[in-house]
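J.: Next up is a structure, given as structure tokens.
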Amino acid sequence: MSIQWENAMTTTPQSKNKALTATTQLPVEPGMLIFIAGDLLLFSVFFFNFLYNRSADPELYRRGASELSEALGLANTLLLLSSSWLVALAMHALRIGEQRRAIGATLGGAFVGVMFITIKFIEYGSKISTGFTASTNDFFMFYFMFTGIHLIHVIAGIGLLIYSAMMMRSPEIIKGPINFHAVAASFWHLVDLLWVILFPLIYLLR
Amino acid sequence: MPERSSRRITWIWLLLLAATCGTWAVTSAAYWSGYHQLLAPLLFSIACVKARIILLDFIELRTSPRWLRLTGESWLAFVCLGMIVMERF
């Protein structure tokens, strides 16, 4: 079975509605898939490590979680899901030749990502100003470490989205911008996926 | 058979938003009522269902080779089960 990684897009627009069946085509280039797999494995270790350490002193972790703002965590989850929605819409728009819509949706996704970062810094500032830092206890060490590593992913993802939007300004749809957006979009959805698990694990588990 | 369309993408987004808000509401209610001990498996399961939706419909494993989709879903099932077990013990 031959596996094609290049997107099926050619210079002719695809039909608007493509049937969702298994194909031989990878959703994104193999290098990005390997990166995603590695990142998922890494964060799996983070999740298990957190729970392993939590089992030794669950009360410490409950008290720590109660110091976090569920509202800000929830807001960030909704923001990240919304930015993923915009990035997915951009991918669809690219495939059907709607270049301007794709650019707008990609930049919209990036902007919502900036809102996520803003709330994150407000949250960090609030915690640090009330005396909670990474050296306070194990819970806050994990909190700052895991959300900090995730935040670095968010910043990198925004960079990729902005660059992807710039590539879309080409006068005609060519494979390059579509394949690059597939890379940027996959990375962004990975960031979203990781937060979807991090939020209940750190904020809601009491 | 579902088709890839902007409408479908939007419905998926709304479903994810609803699941997120619902999780938070149920969590709050459970803590107030005292049933929080039973909540962790529910939290992890809902989170992994949401993660699965993102894997299949945003990262597009649904239209990928079956081996890739199976790998992704297997990883997710392993993580979900692992977290539930580790939280319990």
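J.: May I ask you to rank A:F50, A:F144 by accessible area, largest first, using a 1.4 Å probe over the protein chains only? Don't jump to the answer; show the numbers that get you there.
T.: Working: A:F50 0, A:F144 35 Å².
So the residues, ranked largest to smallest area, are A:F144, A:F50.
J.: With a 1.4 Å probe, how much accessible area is buried between chains B and A, both sides summed, in Å² to the nearest hundred?
T.: What B and A bury together is about 4500 Å².
J.: Right, next: How do A:E123, B:E87 stack up against each other in accessible area, from largest to smallest, with a 1.4 angstrom probe?
T.: B:E87, A:E123
J.: With a probe of 1.4 Å, find how much accessible area chain B has per residue, and write the answer as a whole number in Å².
T.: Numbers: 4710 Å² over 89 residues.
Using a 1.4 Å probe on heavy atoms only, each residue of chain B averages 53 Å².
J.: Calculate, axis by axis, the spread of Cα positions in chain A along the three principal axes, and write the results as whole Å, longest axis first.
T.: In descending order, the Cα extents are 59, 37, 24 Å.
J.: Can you figure out the FRET efficiency of B:V26 with A:D138, using R₀ = 30 Å and their beta-carbon distance, to the nearest 0.05?
T.: 0.65
J.: 7 Å from Cα along Cα→Cβ at both A:E67 and A:S129: what's the point-to-point distance in nm?
T.: Label-label distance for A:E67 and A:S129, simple model: 1.6 nm.
J.: Can you tell me how much longer the chain between A:L42 and A:R101 gets when fully stretched, taken as 0.36 nm per residue apart minus their C-alpha distance, in nm with one decimal?
T.: That pair, A:L42 and A:R101, stretches by 17.8 nm at full extension.
J.: Output wanted: per-residue J couplings in Hz (rounded whole) for region A:121-136, from phi through Karplus 6.51 cos²θ - 1.76 cosθ + 1.60, θ = phi - 60°, x for Gly and Pro.
T.: Calculated HN-Hα couplings, in order: 5, 4, 5, 4, x, 4, 5, 5, 5, 9, x, 9, 10, 5, 9, 5 Hz.
J.: Quick check: pseudo-label points 7 Å beyond the Cα along Cα→Cβ at A:M145 and A:T24, how many nm apart are they?
T.: Placing both labels 7 Å beyond Cα along the Cβ direction yields 4.5 nm.
J.: Rounded to the nearest 10 Å², what accessible area does A:S186 show when all protein chains are kept and the probe is 1.4 Å?
T.: In the full protein context, A:S186 sits at about 10 Å².
J.: Grab the DSSP H runs of chain A that are 4 residues or longer, score each as -39,500 (n - 2.57), total them, divide by all residues and round the 222 nm result to the nearest 500 deg cm²/dmol.
T.: On the way: 6 runs with 148 residues, N = 206.
Counting only the DSSP helices, I get -25500 deg cm²/dmol.
J.: A further question on this structure: With a 1.4 Å probe and every protein chain kept in, tell me what percent of the accessible surface of the protein assembly as shown is carbon plus sulfur. Please report the intermediate quantities before stating the final value.
T.: Details: 8790 of 13080 Å².
Of the solvent-accessible surface of the protein assembly as shown, carbon and sulfur hold 67 percent.
The values are calculated or read from the model by the stated rules, or taken from the named source; none is laboratory data. In this text, all values refer to a predicted model and were calculated from it rather than measured experimentally. Please note: Cβ atoms are built from the backbone with ideal geometry, for glycine as well, and neighbour counts cover all protein chains shown. The accessibility values were calculated without ligands, DNA or RNA, using every heavy atom of the protein model including side chains. Shrake-Rupley method; radii C 1.70, N 1.55, O 1.52, S 1.80 Å.
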